[in-house]
1. If I filter segment 152-181 down to residues being touching a residue at least 40 places away in the same chain (Cβ under 8 Å) and over 15 Å from A134 (Cα atoms), which single residue comes out as nearest to the chain's Cα centre (by Cα)?
2. Name the helices (runs of 4 or more DSSP H) wholly within segment 48-158 that hold at least 1 residues that are farther than 30 Å from T194 by Cβ and either open to solvent by 30 Å² or more (accessible area, probe 1.4 Å) or β-branched (V, I, T) (or both)?
3. Restricting the search to segment 1-47, which residues are over 22 Å from the mean Cα position of the chain (by Cα), at pLDDT below 90 and surrounded by 14 or more Cβ atoms within 10 Å (Cβ to Cβ)?
4. Just checking: which of the helices (runs of 4 or more DSSP H) contained wholly in segment 232-344 hold 3 or more residues that are open to solvent by less than 20 Å² (accessible area, probe 1.4 Å) and in contact (Cβ under 8 Å) with a residue 60 or more places away in the chain?
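The values are calculated or read from the model by the stated rules, or taken from the named source; none is laboratory data. If you're wondering where the values come from, they're calculated on a predicted model, not measured in any experiment. Note that we place each Cβ from the backbone using ideal geometry, even for glycine, and neighbour counts take in every protein chain shown. To get the accessible areas, we keep the full protein, side chains included, count just its heavy atoms, and leave off ligands, DNA and RNA. Shrake-Rupley method; radii C 1.70, N 1.55, O 1.52, S 1.80 Å.
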Amino acid sequence: MTTPSGAGIKIAGAGIKIGLSVHSMIDPRWARDVNEIPEQAKRMGVRVVVENASGSATRQNQQCEKLIAEGVHALIIIALDASSASKAVEAAQRRGIPVIAYERMILNCDLPLYVGFDTLKVGELLGRYALQHAPRGNYIFLDGDPKDNNAVLIRQQHQKLMQPAIDAGDIHPVAELWMEGWSMSQAWQATRETLKKHPQIACVLAASDNIAEGACQALGDAGLRGSVLVTGQDGLLSAVQRILRGEQTMSIYKPIPLLARAAVEGALALIQQQPLHATCALNNGRQDVKCLLISNTPVVDKQNVLEVVTGPNGSFTQQQVLGSLPQKLWPATALAAAPAAAAS
């Protein structure tokens with residue numbers, strides 16, 4: 001699966017209006033997407049109207065119907081509930097409005113396009129890193145929201161990788177829990193309660209940076225800060241700083257500008273009835289959905305995190321990353337260019 005280039009898609013979008021429905025803004029991951037999608041669209045002459053469902057599947061469907069009634073030419077949905085959101089897809093379909101499922105597949109409907117990162121690859125990267133760096137010991141598995149198809153796929157992928165080590169008795173799962181809403185507070189509570197029964201932990205395999213933050217807080221409360229391998233994904237600024245502080249071990253960095261651009265270009269292709277340069281197809285329970293998958297999701301840890309997140313596909317500046325950290329935590333490359341970093 002490769003990163004879509006967008007080759008052959010016209011980007012002239014004068015007069016085009018796209019609706020963007022986001023499930024919630026509680027997790028800071030989604031603020032980046034909700035800011036970046038309109039920014040990418042603006043460069044193509046397209047206007048984006050945003051609705052925030054604030055954690056309600058019913059409200060999200062109502063807001064999608066409102067966007068449809070207001071005459072959007074396409075609808076991008078970041079779904080709260082993979083099944084419930086099919087109602088919004090069907091409502092748009094009745095009006096001839098194409099829907100793009102963004103980062104969360106919408107199930108059991110006639111969906112024209114899914115745009116997202118390669119979730120199976122993310123699950124594999126999480127599992128492989130954990131196995132390589134903590135091949136033995138007690139594991140806490142903190143998975144995402146079971147209503148999010150991505151969480152299910154990530155769990156399936158890392159479980160498949162882990163099973164031989166579990167069967168061999170090298171890895172001992174002492175907790176395997178879903179975190180509704182990818183909740184930081186649930187992750188803190190789950191890790192805290194598990195540590196009371198199992199104080200010796202080799203790894204917390206957390207399915208996202210938000211979940212990792214809750215786990216890191218609980219580990220810190222138990223005097224285990226920095227002594228347990230903690231995974232994550234998304235490459236949030238807070239996670240990058242936790243990695244440099246030695247609290248979280250790694251993350252899967254997701255270059256949001258690439259994904260946002262692919263979503264807008266995909267919407268324009270559907271509106272203008274141009275060919276979609278799909279990278280694959282994934283079944284959503286009713287049909288094989290054309291997909292534009294971004295496979296550029298590097299693993300970041302202390303060795304490379306600053307270089308990646310401030311690089312060509314990065315989302316942050318060195319000042320944003322390092323500004324609140326003491327220089328003793330800066331990577332050697334940043335220390336060597338300290339005046340430049342301070343001025344950036």
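1. I154
2. 57-69, 86-94
3. Matches in segment 1-47: I9, I11, G13.
4. On the way: elements: 237-245, 256-271, 305-309, 318-322, 332-336, 338-343.
The qualifying helices (runs of 4 or more DSSP H) are 237-245, 256-271, 305-309.
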